[in-house]
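Undergrad: The structure that follows is given in the form of structure tokens.
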Amino acid sequence: MEIYERKVTAIIGPSGCGKSTLLRSLNRLVELVENVRVEGEVLFNGKNIYDSDPVEIRRRIGMVFQHPNPFPKSIFENVAYGPRVHGIKERRKLERIVEDSLKKAALWDEVNDRLNDLALGLSGGQQQRLCIARAIATNPEVILFDEPTSALDPIASSKIEDLIVDLKKKYTVVIVTHNIQQAGRIGDYVAFFWMGELVEYDKAEKIFEKPEKELTERYLTGRIG
């Protein structure tokens, strides 16, 4: 399965089919699961990520989770956390990174006058965009999203979808979603998983208009899953 640069790849399939496990395999978070066994290769720029430093891999391949998970710190410190961990200490440089990241996450205009406020005081949708800004702050090449709108209302979900479409101008995006309509709205490519197997992977319009596999067609039309 080849993931294309600066495109949105949507991974769909029923619960328990391996979507989130695959996603966590792409930046080695899967290794943090107890008793997990890892086989095979994930090639990133031609090199197997499992032969690389996992901290560096997670800097270059960021992740946004299903439920917003801001740190119990200020808005500023949430975004500055990653750059600090990677050695950036100069206040002025951190301020530039925080502003740039919040702008890319479409949150700057809403929070620029209260950067020292506790992030937990933001709405759910704002918290999720803050988590996106936090992922952007380490200057990744890829951003992984694990059902980023499942805990949000329709308006907040729409903002996140618009943001993801905008982010692909600079980043490669992989999103796991239970929402087939969402995959159709924002996906350039769609991968359909069933019982741990990749059934079909192609351009989104091909998957939705003329899938090759009967199993894919049955899932998309709601006859299974």
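The values are calculated or read from the model by the stated rules, or taken from the named source; none is laboratory data. The shown structure was predicted, so the numbers you read here are calculated from the model rather than taken from an experiment. Neighbour counts run over all protein chains shown; Cβ positions are idealised from the backbone, glycine included. Keep in mind that these areas ignore ligands, DNA and RNA; they rest on the heavy atoms of the full protein, side chains included. Shrake-Rupley method; radii C 1.70, N 1.55, O 1.52, S 1.80 Å.
Undergrad: Could you work out the local net charge near residue 214, counting Lys and Arg as +1, Asp and Glu as -1, over the other residues with Cβ closer than 11 Å to its Cβ? Don't jump to the answer; show the numbers that get you there.
TA: Working: positive: 213, 218, 223; negative: 200, 212, 217.
Neighbourhood net charge equals 0.
Undergrad: Another one. About its Cα centre, what dipole magnitude does segment 1-69 give when the only charges are +1 on Lys and Arg Cβ and -1 on Asp and Glu Cβ, stated in debye to the nearest 20? Before the final figure, lay out the partial values.
TA: Values: 10 positive and 9 negative charges, 59 e Å.
The dipole magnitude comes to about 280 debye.
Undergrad: For residue 10, enumerate residues with amide H under 5 Å from its amide H, sequence gap 5+ or separate chain, H modeled in the peptide plane.
TA: 175, 188, 189, 190, 191
Undergrad: Provide the per-residue ³J(HN,Hα) series for segment 23-39, in order, calculated from phi with Karplus coefficients 6.51, -1.76, 1.60 and θ = phi - 60°, each as a whole number of Hz, with x at glycine and proline positions.
TA: Values per residue, Gly and Pro as x: 4, 5, 6, 6, 9, 6, 5, 4, 5, 7, 7, 5, 6, 6, 10, 10, 10 Hz.
Undergrad: So which lysines can residue 210 reach, going by Cα to Cα under 27 Å and dropping same-chain residues fewer than 8 places off?
TA: By straight Cα distance, residue 210 reaches 7, 19, 168.
Undergrad: Considering amide H positions built from the backbone, and no H for Pro or chain starts, which residues 5 or more places from residue 171, or on another chain, come under 5 Å of its amide H?
TA: none
Undergrad: Still on this structure, please answer the following. Taking a probe of 1.4 Å, how large is the accessible area per residue of segment 29-82, in Å²?
TA: 60 Å²
Undergrad: Moving on to the next point. Can you list the HN-Hα couplings for segment 184-198, worked out from phi with the Karplus curve (6.51, -1.76, 1.60; θ = phi - 60°), rounded to whole Hz and with x for Gly and Pro?
TA: Computed from phi, the couplings for segment 184-198 are x, 6, 10, x, 8, 10, 10, 10, 9, 10, 8, 6, x, 10, 7 Hz.
Undergrad: Can you compute the helix-only [θ] at 222 nm over the chain? Use -39500 (n - 2.57) per DSSP H run of at least 4 residues, normalise by all residues, nearest 500 deg cm²/dmol. Don't skip to the end; give the middle numbers.
TA: Working: 10 runs with 90 residues, N = 225.
About -11500 deg cm²/dmol.
Undergrad: Then there's this: Suppose accessible area is computed on protein heavy atoms with a 1.4 Å probe; arrange 146, 202, 153 from highest to lowest.
TA: Details: 146 5, 202 50, 153 85 Å².
Ranking 146, 202, 153 by accessible area, largest first, yields 153, 202, 146.
Undergrad: Okay, next question. Using the Kyte-Doolittle scale, which helices in the chain average at least 1.6 and also have C-alpha atoms spread 15 Å or more along the helix axis, with helices defined as whole DSSP H runs? Could you put the intermediate results ahead of the total?
TA: Working: long enough: 75-85 (16 Å, 0.25); 91-104 (20 Å, -1.44); 124-136 (18 Å, -0.11); 154-167 (19 Å, 0.68).
Qualifying helices, which must be both long enough and hydrophobic enough, do not occur.
Undergrad: To the nearest 0.05, how large is the calculated FRET efficiency for residue 141 and residue 91 if R₀ is 30 Å and r is the Cβ-Cβ distance? Before the final figure, lay out each step's value.
TA: Details: r = 26 Å, r/R0 = 0.88.
Plugging the Cβ-Cβ distance into 1/(1 + (r/R0)^6) gives 0.70.
Undergrad: In addition: Based on the alpha-carbon gyration tensor of segment 14-99, what equivalent-ellipsoid semi-axes (square roots of 5 times the eigenvalues) come out, in whole Å, largest first? Walk me through the intermediate numbers first.
TA: On the way: eigenvalues 164, 61, 22 Å².
Semi-axis lengths for segment 14-99 are 29, 18, 11 Å.
Undergrad: Show me the trypsin sites (Lys or Arg not before Pro) within segment 49-91 that DSSP assigns to loop and that have at most 13 other Cβ atoms within 10 Å of their Cβ. Present the calculation step by step, with values, prior to reporting the outcome.
TA: Working: sites: 58, 59, 60, 73, 84, 89, 91; in loops: 73, 89.
Here the sparse-neighbourhood loop sites are 89.
Undergrad: Moving on. Report the residue, chosen from 46, 196, 62, that carries the largest GNM mean-square fluctuation when the chain is represented by alpha-carbon nodes joined by springs under 10 Å.
TA: 46
Undergrad: Enumerate the residues in segment 1-25 having an amide nitrogen under 20 Å from the point lying 7 Å beyond the Cα of residue 197 toward its Cβ.
TA: Backbone N within reach: 1-2, 11-23.
Undergrad: Using a cut-off of under 20 Å, list every residue of segment 151-187 whose amide N is near the label point 7 Å from the Cα of residue 81 along the Cα-to-beta-carbon line.
TA: Residues passing the 20 Å test: 151-152.
Undergrad: I've got another one for you. Starting from the Cα coordinates of the chain, work out the convex hull volume and express it per residue in Å³. Kindly include the intermediate steps, with their values, before the conclusion.
TA: Numbers: hull volume 28.9 nm³, N = 225.
Convex hull volume per residue, Cα atoms: 128 Å³.
Undergrad: Okay, next question. Could you derive backbone 3J(HN,Hα) for segment 42-54 from the dihedral phi with the Karplus parameters 6.51, -1.76 and 1.60 (θ = phi - 60°), listing whole Hz in sequence and x where the residue is Gly or Pro?
TA: So the Karplus estimates, Gly and Pro as x, are 10, 8, 10, 6, x, 10, 5, 5, 7, 9, 10, 5, x Hz.
Undergrad: If amide hydrogens are placed 1.01 Å from N in the peptide plane, which non-local residues have theirs closer than 5 Å to the one on residue 73?
TA: Those qualifying (amide H under 5 Å, at least 5 residues apart or on another chain) are 119, 120.
Undergrad: If the cut-off is a Cα-Cα distance under 22 Å, which lysines reach residue 93, setting aside same-chain residues fewer than 8 apart in sequence?
TA: Counting by Cα, and skipping residues close in sequence, residue 93 has these lysines nearby: 73, 103, 104, 170.
Undergrad: How many percent of Cα pairs in segment 95-195 exceed 17 Å? Please list the in-between numbers first.
TA: On the way: 2586 of 5050 pairs.
For segment 95-195, the fraction of Cα-Cα distances above 17 Å is 51 percent.
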